[in-house]
1. Measuring from centroid to centroid over Cα atoms, what is the spacing of the range 72-124 and the range 156-227 in Å?
2. Around SER115, with a cut-off of 11 angstrom between Cβ atoms, what is the net charge of the other residues, counting Lys and Arg +1 and Asp and Glu -1?
3. Rounded to the nearest 0.05, what FRET efficiency do THR167 and SER75 have when you use their Cβ-Cβ distance and R0 = 25 Å?
4. Note the full-extension length gain between ASP196 and ARG126 as 0.36 nm times their separation in residues minus their Cα-Cα distance, in nm to one decimal.
5. Describe numerically, in nm with one decimal, the distance between label points set 7 Å from Cα along Cα→Cβ at THR247 and at GLN110.
6. Using the Cα gyration tensor of the range 122-233, with a ≥ b ≥ c the square roots of its eigenvalues, what is the shape: rounded (a/c below 1.5), prolate (a/b larger than b/c) or oblate (neither)?
7. Given labels modelled 7 Å from the Cα in the Cβ direction, how far is it in nm from ARG103 to SER55?
8. Quick one: net charge around ALA165, please, counting Lys, Arg +1 and Asp, Glu -1 for every other residue with C-beta under 10 Å from its C-beta.
Amino acid sequence: MKRAMFGKAGLAALLAALTAACSPPTTPEAPAGVESAAAGWSRPPEIQGVQRAASSLIFTGVAEPGARVVLRSDSGAAYAAAADGRGRFEIRMTAPAGDLWLRPETQMGQDSAPSPGRLLIVAGGRGPIAILRTGGPTRRLDRAPALGAVDSDGRMRLASGRAAASTPLVVQAAGESIRVTPDAQGRWSLMLGSADGPDEIQVGASRFAWPGEAGSAAARVERAGQGWRVAWTGADGARQSTWLPDTV
């Protein structure tokens, strides 16, 4: 039996994600006059962008000021940097030869705060680079088309992408037409009707041929239609499928 990626805790996370998609993101703040580390509170890192320089990838974002930010792989390899006094950090790493999963986390003394999402680098950065998370939309870090990703669990689909900030656009799929307004950063996300197989998704004037989900396949990254399809397992053990359209 398939488990819904948007059920229970995932549904609460999804509602929060959709709410955030309609308003500018906020940055958590520690209580006034109290050091966050001393209060036992630490902010997970937020990776906001990536650049490619020769054979390297440079990730930038925000975290707890002065914290050590680590990108850790399942094999134990890690890439780290310290956040400055404003919480800004920059991590440089040699581009991997193939696909690579990384878990971002913040370290403050003996405490650590892992990110709820996982960073995926496809084909050494020649393919998509994205943050995938259970119960919320995938967030592309690379230059992506209007439709950045379609997340599914066999029962529901969540489409997301970037477009002109605060400018309404129409998304059509599964015989439905839905109007959505991107936030101030141009990000948008919405639920789509289910589809038994391949389906055309139109975002504004752009058309995308969704190839269907990965189903019960083992975890893998593969070419599927005009994009990459990722089979992975969420934090709650549920099987997930994410399609990342090619940059055009």
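Rule-based calculations on the coordinates, nothing more; no lab input. Computed from a prediction, not measured in an experiment: that's the story for all the values here. Here the Cβ is made from the backbone with ideal geometry for all residues, glycine too, and neighbour counts use every protein chain on show.
1. Rounded to whole Å, the Cα centres lie 28 Å apart.
2. Values: positive: ARG43, ARG72, ARG103, ARG118, ARG133; negative: GLU46, GLU105.
Around SER115, the charge tally is +3.
3. On the way: r = 43 Å, r/R0 = 1.72.
Rounded to the nearest 0.05, the efficiency is 0.05.
4. Numbers: separation 70, 0.36 × 70 = 25.20 nm, distance 3.05 nm.
Net length gain for the segment: 22.2 nm.
5. 4.4
6. Values: a/c = 1.71, a/b = 1.24, b/c = 1.38.
Oblate.
7. Roughly 2.9 nm, to one decimal.
8. On the way: positive: ARG162, ARG187; negative: ASP183.
Every neighbour counted, the sum reads +1.
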